[in-house]
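Taking it in order: structure first as structure tokens, then the write-up.
The values are calculated or read from the model by the stated rules, or taken from the named source; none is laboratory data. Since we're looking at a predicted model, the values are computed, not measured. All Cβ positions, even for glycine, are placed from backbone atoms using ideal geometry, and neighbour counts span all protein chains on display. Calculation scope for accessible area: heavy atoms of the full protein, side chains included, ligands and nucleic acids excluded. Shrake-Rupley method; radii C 1.70, N 1.55, O 1.52, S 1.80 Å.
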Amino acid sequence: MLYNLFTGIIYLFSAIVSIMIPVKLTHYLCNVKKIKINRWIIGGVSPLFLIVPKIIFGEIPSIIWGILLFLFIESVVMFFELSRMMIDNKQVKGLIDYSKYIKNDDKSKGKKKRRSVK
């Protein structure tokens, strides 16, 4: 019972870390290093991490397969994070422009609306 709880916590922690690594890496490369990354190259190459070794070798050890799956997941998360960043910076048009639904708090700071008493 305790073993199952412990392995569940390990799986949850590893899933969170495997999602946060490419998000932080993408922000670091794009914002700090100012490197332009083509998201379509990352999106196109990511399935090849799994397809090419499977075609060439056929039987792949489970450790190597786990590493390839990790690289695939990291590149896919990086693709979607780049897409999200481009939509936020209005470099690409998204399906819905959410910015018009968000209230601009910069204008309302320090100003309190007064009710008119009749």
* Asked: Can you pull the percent of the chain's accessible area that's carbon plus sulfur, 1.4 Å probe, other chains left in place?
  -> 68 percent
* Structure fact -> Stokes-Einstein D for segment 47-98 (4 °C, 1.567 mPa s, Kirkwood Rh from Cα pairs), in µm²/s, comes to 100 µm²/s
* Rounded tilt (10° steps) of 62-88 against the dominant C-alpha axis of the chain -> 20 degrees
* To do: Determine, for segment 1-104, the count of lysine pairs separated by eight or more sequence positions (or lying on different chains) whose alpha-carbon distance falls under 22 Å.
  => 12
* Can you tell me the dipole magnitude for the chain around its Cα centre, using point charges on the Cβ only (Lys, Arg +1; Asp, Glu -1), in Debye to the nearest 20? => 1580 debye
* **Principal axis dimensions, the chain - Cα atoms, whole angstrom, descending** => 81, 45, 28
